[in-house]
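One structure below.
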Amino acid sequence: EPIDIDKHQASMGILIGENHWRGKGVATEVINASSNWLKKNLGIREFFLGVDLSNKSAIKAYEKSGFEKTGKLLDSENVIKMQLNLN
């Protein structure tokens, strides 16, 4: 996903394709490890993503990692924008 070094921002996304890995905390682990690595190594402090409102498990995983809903994306009424700030 796009990373803006100057603004200390990055877009993030994750897909757990294999059903047997869903619901086991893998998404949260990957999100936390990725965001912490990006903060430590590239100084990224803000992360953004979009998630379909019907994907309750993804929203739960993102919120567990500290993401907060910020509003709907302009291109779809079903996709919510979420943001994580690491200071």
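The values are calculated or read from the model by the stated rules, or taken from the named source; none is laboratory data. Here the structure is a predicted model, which is why all the values come from computation and not from measurement. For neighbour counting, all protein chains shown are included, and Cβ atoms are generated from backbone atoms with ideal geometry for every residue, glycine included. Note: accessible area is taken over every heavy atom of the protein model, side chains too, but ligands, DNA and RNA are not part of it. Shrake-Rupley method; radii C 1.70, N 1.55, O 1.52, S 1.80 Å.
ARG22 to ASN87: FRET efficiency via 1/(1 + (r/R0)^6), r the Cβ-Cβ distance, R0 25 Å, to the nearest 0.05?
0.20
Quick one: ranking VAL26, VAL51 by accessible area, 1.4 Å probe, largest first, what do you get?
VAL26, VAL51
For the stretch 54-64, take each phi angle, set θ = phi - 60°, evaluate the Karplus expression 6.51 cos²θ - 1.76 cosθ + 1.60, and give the result in whole Hz per residue in order, putting x for glycine and proline.
Values per residue, Gly and Pro as x: 7, 8, 4, 5, 5, 4, 4, 5, 5, 5, 4 Hz.
Going from most exposed to least, what order do SER54, SER76 have by accessible area with a 1.4 Å probe?
Ranked from most to least accessible, the order is SER54, SER76.
Label the chain by shape, choosing from rounded, prolate and oblate, from the square roots a ≥ b ≥ c of the eigenvalues of the Cα gyration tensor; if a/c is under 1.5 it is rounded, and otherwise prolate applies when a/b is larger than b/c, oblate when it is not.
Oblate shape, in that a/c is at least 1.5 and b/c is the bigger or equal ratio.
Can you work out the accessible area per residue across the chain, with the rest of the protein chains kept in place, probe 1.4 Å, in square angstrom? Each step should come with its number before you reach the end.
Working: 6010 Å² over 87 residues.
Here the per-residue accessible area is 69 Å².
How high is the relative contact order of the chain, given as a whole-number percent (alpha carbon pairs under 8 Å, six or more residues apart)?
Value for the chain: 28 percent.
Which value, in debye to the nearest 20, describes the size of the charge dipole of the chain about its Cα centre when Lys and Arg Cβ atoms bear +1, Asp and Glu Cβ atoms bear -1, and nothing else is charged?
On the way: 12 positive and 11 negative charges, 66 e Å.
Roughly 320 debye for the chain.
I need the phi-derived Karplus couplings for the stretch 26-31: 6.51 cos²θ - 1.76 cosθ + 1.60, θ = phi - 60°, integer Hz, Gly and Pro marked x.
5, 4, 4, 4, 5, 4
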